[in-house]
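Here's the structure, in structure tokens; my notes come after.
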Amino acid sequence: MASMLRSRGARLVGALSLLLLTASCIRPITGPGSPNLGGIDVTRVGYRQSEFFLYGLADAYRPVAPLTSDGKWQVERDPDNSGVGFQTRMVVHRPANPARFNGTVVIEWMNVTAGADLPNEWTSAHNEFVRAGAVWIGLSAQVVGVNNLKACCGARYARLHHPGDSYSYDIFSWAARVVRGDNDLLGGLTARRVIGTGESQSASRLVTYINAVHPLVDLYDGFLLHSRGSSGSPLSQSPLPLVTTPSPSLIRDDLDEPVIVVQAEDDVIRSALATRQPDTPTFRLWEMAGTAHADQYMIGVGFTDVGDGAGAMRMLELLLDPGPPAGGCAKPSNAGPTHWILQAAFHHLDRWVRDGTPPPIADRLEVASSSPVVLARDADGNALGGVRSPHVEVPIATVDGLNSGTGFCGLFGSTTPFTPERLAERYPTNQDFVDAWGAAIVALVGEGFLLPADGWELYLAALTLPVPA
């Protein structure tokens, strides 16, 4: 009995300490200007935006055994590089009406590949977050994003300080701690589920977080990784000793918390074929036919789409006329189905975390050659296998992950519209096209890879397309 009382007392003391600690780790940002984030005006979708400093003492980590490709990494806090001060920022998007909050908080590790914080998952999936009533938080987890904020907007962000990306994993843990322990951050709302997400470089950093740090701290209820590479990011890096992760790095298969990995065509071609792993009771891999690492929605249309159908209409128009190539690119960028499938993935992950209902299992993209990786394609040039949207089942263009040119062109994929003759051959009348498109939507919704609201949006948009021309 005495030991039981001591145990209960220890848990109460621990909970009180966490509450006191996290209550002192955020502060509203009230300097001149507004969050340097871009994208839609959240008030148009019934949300509010706020911004906070997140500060505290962060630790780096070091391995206690070799890091192996199975992802079952053993690490510990580095006693020589612990308790280092940091101050970064969190951008919070929450429902203006508290009654709409569904209890889920999505924390995005914002992407810094372009030299500044980019909220790629908010841009791509915000309509689903809004429909569901989730809170989204964008975290400036890496030193590049923090330094960019200080350089661009010093009057607002002069207090920011980042000790280096070796500490980014602990900073990501701090974000979840304050979400769970301080509802001032959420405007009085109480988080019941916390999901971590990130795209591209951020997804690779989450591979390391999930495999190395998450088992030690257990602060997230689930993860969605979008367009990960073949390895994790370094566990530690300059100015600390460099600790790289193996390639390939799988997601460890002994987790209690669910993980969904969503991959575009070119992710599979470039590096992720090596990271294919079986679906399990806590793991799903979706590979999406007709998609690119970054597409016309992520780099443009998603900035203004408020879910009223105009965004869907614009994306389908881009299949017929994608416009000129982006600067330095060989082909016009991909106008495929990524964000619709991604929204379904977030929906299923939330259900998985909430009540244990698992997402559907997806076929893998078909591979014609593994060295080098070449995907199998149909006569129109669209990939075979994988999650198959109407864009590849009822095509009016070739959409893929292939492009070339300067800068980020290799990530943008391409769109090659069918000629008027090809459209007329494939769809003799507009009704032929609409019927086939609608049937493909019904099938994908039934499989669970497209949400009903998005299917309806896609169908209504297709009704006005001049197919055939």
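Could you list, ordered by first residue, the pairs with Cβ atoms under 8 Å in which the first is in the stretch 328-355 and free of Cβ contacts under 8 Å to residues at least 60 places away in the same chain and surrounded by fewer than 24 Cβ atoms within 10 Å (Cβ to Cβ) and the second is hydroxyl-bearing (Ser, Thr, Tyr) and outside any helix (DSSP H, G or I), at least 6 apart or interchain?
Filtered contacts from the stretch 328-355: Arg351/Thr357.
Could you tell me how many of the residues in the stretch 302-345 are under 23 Å from Phe408 (Cα atoms), at pLDDT 95 or above, assigned to a loop (DSSP other than H, G, I, E, B) and of a type in the set (A, V, I, L, M, F, W, C)?
2
When you look at Leu450, is it crowded, with 20+ Cβ neighbours inside 10 Å and assigned to a loop (DSSP other than H, G, I, E, B), yes or no?
Here the answer is yes, as Leu450 does meet what is asked.
If we only count strands (runs of 3 or more DSSP E) wholly inside the stretch 346-429, which ones have 3 or more residues that are more than 25 Å from Gly328 (Cα to Cα) and either modelled with pLDDT under 95 or of a type outside the set (S, T, N, Q) (or both)?
367-370
Does Val301 satisfy being β-branched (Val, Ile, Thr), farther than 19 Å from Thr197 by Cα, free of Cβ contacts under 8 Å to residues at least 24 places away in the same chain and out of contact with any Ser or Thr (no Cβ under 7 Å at 6 or more places or on another chain)?
Yes: the conditions hold for Val301.
Under the condition of being small (Gly, Ala, Ser) and part of a loop (DSSP other than H, G, I, E, B), which residue from the stretch 75-113 is surrounded by the fewest Cβ atoms within 10 Å (Cβ to Cβ)?
Of everything passing the filter in the stretch 75-113, Gly83 is surrounded by the fewest Cβ atoms within 10 Å (Cβ to Cβ).
Which of the residues belonging to the stretch 232-243 are surrounded by fewer than 23 Cβ atoms within 10 Å (Cβ to Cβ), in contact with a Pro (Cβ under 7 Å, 6 or more places away or on another chain) and in contact (Cβ under 8 Å) with a residue 24 or more places away in the chain?
Val243
Given the conditions (1) surrounded by fewer than 23 Cβ atoms within 10 Å (Cβ to Cβ); (2) among the hydrophobic types (A, V, I, L, M, F, W, C); (3) in contact with a Pro (Cβ under 9 Å, 6 or more places away or on another chain); (4) part of a helix (DSSP H, G or I), report the number of the one that Trp437 does not fulfil.
(1)
If Leu319 satisfies every condition in (1) buried (at least 17 other Cβ atoms within 10 Å of the Cβ); (2) under 19 Å from Val262 (Cα atoms); (3) out of contact with any Ser or Thr (no Cβ under 6 Å at 6 or more places or on another chain) but one, which is the exception?
(2)
Test Phe449 against the stated conditions and say whether it is under 17 Å from Gln343 (Cβ atoms), of a type in the set (Phe, Trp, Tyr) and touching a strand residue (DSSP E or B) at 6+ places or on another chain (Cβ under 7 Å).
Here the answer is yes, as Phe449 does meet what is asked.
Taking Thr245 as the residue in question, decide whether it is of a type in the set (Ser, Thr, Tyr), modelled with pLDDT of 95 or more and assigned to a helix (DSSP H, G or I).
no
What number of residues in the stretch 286-309 are hydrophobic (A, V, I, L, M, F, W, C) and surrounded by fewer than 23 Cβ atoms within 10 Å (Cβ to Cβ)?
4
Taking the stretch 203-231 as the search range and keeping residues that are in a loop (DSSP other than H, G, I, E, B) and out of contact with any Gly (no Cβ under 8 Å at 6 or more places or on another chain), which one is surrounded by the most Cβ atoms within 10 Å (Cβ to Cβ)?
Filtering the stretch 203-231 for residues that are in a loop (DSSP other than H, G, I, E, B) and out of contact with any Gly (no Cβ under 8 Å at 6 or more places or on another chain), the one surrounded by the most Cβ atoms within 10 Å (Cβ to Cβ) comes out as Ser227.
Taking the stretch 125-142 as the region of interest, how many residues are aliphatic (A, V, I, L, M), more than 13 Å from the chain's Cα centre (by Cα) and farther than 18 Å from Trp340 by Cα?
Residues that pass the stated criteria total 2.
Show the residue pairs meeting these rules: Cβ distance below 7 Å; 6+ apart or different chains; first residue within the stretch 183-199 and touching a residue at least 12 places away in the same chain (Cβ under 8 Å) and under 20 Å from Ser168 (Cα atoms); second residue part of a loop (DSSP other than H, G, I, E, B) and among the aliphatic types (A, V, I, L, M).
Val194/Leu219
What single numbered condition from (1) more than 30 Å from Val243 (Cα to Cα); (2) among the hydrophobic types (A, V, I, L, M, F, W, C); (3) in contact (Cβ under 8 Å) with a residue 24 or more places away in the chain; (4) not in a strand (DSSP E or B) fails to hold for Leu149?
(1)
The values are calculated or read from the model by the stated rules, or taken from the named source; none is laboratory data. Quick caveat, the model's predicted, so the values are computed rather than measured. Note that we place each Cβ from the backbone using ideal geometry, even for glycine, and neighbour counts take in every protein chain shown.
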